[in-house]
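Let me begin by presenting the structure, written as structure tokens, before commenting on it.
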Amino acid sequence: MNDHKNFDVIIIGGGPAGCAAAAVLAEHGHKALLLEREKFPRYHIGESLLPFTFHPLLRLGLIEKMRASAFIRKYSVQFVAPSGKASQPFYFYTRYDRDTVAQTWQVLRSEFDLLLLGNARDKGAAVKEETTVRELVKAGERVVGVRAQDKTGQITEYRAPMTLDCSGREAFAAVRHNWRVGDPELHKVAVWTYYRGAKRDPGIDEGTTTVAFVPEKGWFWYIPLHHDVVSVGVVAEGKYLTREGVKEPEKIFQRELGRNLWIKEYLSCGAQFGPYYITGEFSFHSRHCGVEGLLLVGDAYCFLDPVFSSGVMLALKSGVMAGDAVHEALVARDFSPARFADYATKLRRGIENMRKLVYAFYNPNFSFRELTDKYPDLAGDVTDCLSGDVDKDFSHLWKGIEEFAPVPDPLPYGQPLSRSKAEIPAA
């Protein structure tokens, strides 16, 4: 093992959260090291951006590059009944400026994440790809760095006063500290694949995200991408999708395809290509956002059910927030857990707002149409939450939803683990 190398911040993972944090910290003038297990570009699911990704993308200096890209423009989301009847799209420009927040993108993640990684490099962050973090390095209860292995097998110890876990759903630190907990209700399975030449709507609706229902509160996503590609997948309870002993992803997908007439019609003129993917246990939370010297960011902190495409927005937002919070800690030379309580509170508040809407979506007694028919003034709040404007007060929306479905209480998770309470097993 090589002698240790020193940085101001070590970032585990080169996805949206890690790249955002690395870019912000490097721009502040700090010596940031980003360690990424894979070689970019690489495949990743999660292709639909919410309007409120605009603000972190603007902060990262990427809006003009996004506008110049081939990514499909997205202006709305719509919901489709199993019968094939589609709702009126929820257009983001009814609430936001059409030329900025209200226009977002459907992205091919291999290209989008490569753009983010390049931006972090351009800002001055050191990036090491094909480098796998094996363990956290600790001095007592405090995290002081990581040990990582490159593609040749060589292990190097990197030291820094702060380490950011941006490892995504792998949740590197939360798993090792036994902080990772499932959501009480959200236990879904997803099966997905890709089509070429499938149908898409004309004009401004070409890039609409469609959520198409199947029985038992399952749903399809339908996301038009560039190069005439559509990402399409079905999400539901595992017991429903694997009923009658069907377990092969292709057979699950093809069976459900016929259970929504809109999906069946729109895919009928296309050709499926590539593998069928499957994943489960979508939603989880971390009991804590970190300890002294360690902060969790993005999906490593919390991953919500993907029905409203909140993952990339929350990753980018939390990456920028973490970058600023760690910058302030570096300036103050104070890395105590309490310093990151505000970061955790704000991030958790947004997650809980989105989580409440996800719970309502899955309740069989709830529908957006019935809610907005009864309370037309709540349509704006629904659009706001679907857009990712999750920091606002939605108390009126929850009051209206409670007439149709219970609204869950906030989960008591996410605050930093204070030094006096830290009982962390050795890595």
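Residue by residue through the stretch 255-266, note down the ones that are of a type outside the set (Lys, Arg), touching a strand residue (DSSP E or B) at 6+ places or on another chain (Cβ under 9 Å) and surrounded by fewer than 21 Cβ atoms within 10 Å (Cβ to Cβ).
First pass over the stretch 255-266, keeping only residues of a type outside the set (Lys, Arg): 256-258, 260-263, 265-266.
Checking the rest, the ones that are also touching a strand residue (DSSP E or B) at 6+ places or on another chain (Cβ under 9 Å) come to 256-257, 260-263, 266.
The answer is 257, 261.
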The residue that is modelled with the lowest pLDDT, considering only those in the stretch 1-54 that are over 18 Å from residue 165 (Cα atoms) and of a type in the set (Val, Ile, Thr), is 45
ask   = Being closer than 30 Å to residue 84 by Cα, at pLDDT 95 or above and among the small types (Gly, Ala, Ser), is that true of even one residue in the stretch 318-337?
value = no
- Is it true that residue 420 is out of contact with any strand residue (DSSP E or B) (no Cβ under 9 Å at 6 or more places or on another chain), modelled with pLDDT under 95, more than 20 Å from residue 53 (Cα to Cα) and among the small types (Gly, Ala, Ser)? yes
Picking from 320, 291, 312, 331, the residue that is farther than 23 Å from residue 385 by Cβ, β-branched (Val, Ile, Thr) and open to solvent by less than 30 Å² (accessible area, probe 1.4 Å) would be 291
Going through (1) touching a Lys or Arg at 6+ places or on another chain (Cβ under 9 Å); (2) outside any strand (DSSP E or B); (3) open to solvent by 30 Å² or more (accessible area, probe 1.4 Å) one by one, residue 279 fails only at (2)
Selection over the stretch 371-413 where residues are more than 30 Å from residue 100 (Cβ to Cβ) and modelled with pLDDT of 95 or more yields a count of 14
Residue pairs qualifying under the 7 Å Cβ cut-off, at least six apart or on distinct chains, with the first in the stretch 89-106 being open to solvent by 20 Å² or more (accessible area, probe 1.4 Å) and the second being of a type in the set (S, T, N, Q) and assigned to a helix (DSSP H, G or I), are 90/383; 94/383; 95/383; 95/387; 96/387
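If you check 220, 213, which single one turns out to be assigned to a strand (DSSP E or B), touching a strand residue (DSSP E or B) at 6+ places or on another chain (Cβ under 9 Å), modelled with pLDDT under 95 and crowded, with 20+ Cβ neighbours inside 10 Å?
213
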Subset of the stretch 167-203, residues assigned to a loop (DSSP other than H, G, I, E, B) and surrounded by 15 or more Cβ atoms within 10 Å (Cβ to Cβ), comes to 167, 171, 177, 179, 183, 186, 187, 198, 199, 200, 201
Exactly one of 379, 405 is open to solvent by less than 10 Å² (accessible area, probe 1.4 Å) and aliphatic (A, V, I, L, M), and that one is 405
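Taking the conditions exactly as written (closer than 17 Å to residue 316 by Cα and surrounded by 23 or more Cβ atoms within 10 Å (Cβ to Cβ)), does residue 58 satisfy them or not?
On the way: closer than 17 Å to residue 316 by Cα: yes; surrounded by 23 or more Cβ atoms within 10 Å (Cβ to Cβ): no.
No, not satisfied.
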Taking the stretch 120-140 and keeping only residues that are free of Cβ contacts under 8 Å to residues at least 12 places away in the same chain and either over 30 Å from residue 63 (Cβ atoms) or open to solvent by less than 50 Å² (accessible area, probe 1.4 Å) (or both), one is left with 139, 140
With criteria (1) in contact with a Pro (Cβ under 7 Å, 6 or more places away or on another chain); (2) closer than 20 Å to residue 354 by Cα; (3) without any contact (Cβ under 8 Å) to a residue 60 or more places away in the chain, residue 236 comes up short on (1)
Across the stretch 107-119, the tally of residues that are open to solvent by less than 10 Å² (accessible area, probe 1.4 Å) and either in contact with a strand residue (DSSP E or B) (Cβ under 6 Å, 6 or more places away or on another chain) or not in a helix (DSSP H, G or I) (or both) stands at 1
For the stretch 403-414, pairs from a residue that is touching a residue at least 12 places away in the same chain (Cβ under 8 Å) and closer than 24 Å to residue 374 by Cβ to a residue that is open to solvent by 30 Å² or more (accessible area, probe 1.4 Å) and outside any loop (DSSP other than H, G, I, E, B), with Cβ under 8 Å and 6 or more apart or across chains, are 403/374; 404/370; 405/359; 406/359; 407/356; 407/359; 408/356; 408/359
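The values are calculated or read from the model by the stated rules, or taken from the named source; none is laboratory data. Given the structure is predicted, the values throughout are model-derived calculations rather than measurements. When we count neighbours, we look across all protein chains shown, and the Cβ atoms used for this are built from the backbone with ideal geometry, even at glycine. For accessibility, only protein heavy atoms count, side chains too; no ligands or nucleic acids. Shrake-Rupley method; radii C 1.70, N 1.55, O 1.52, S 1.80 Å.
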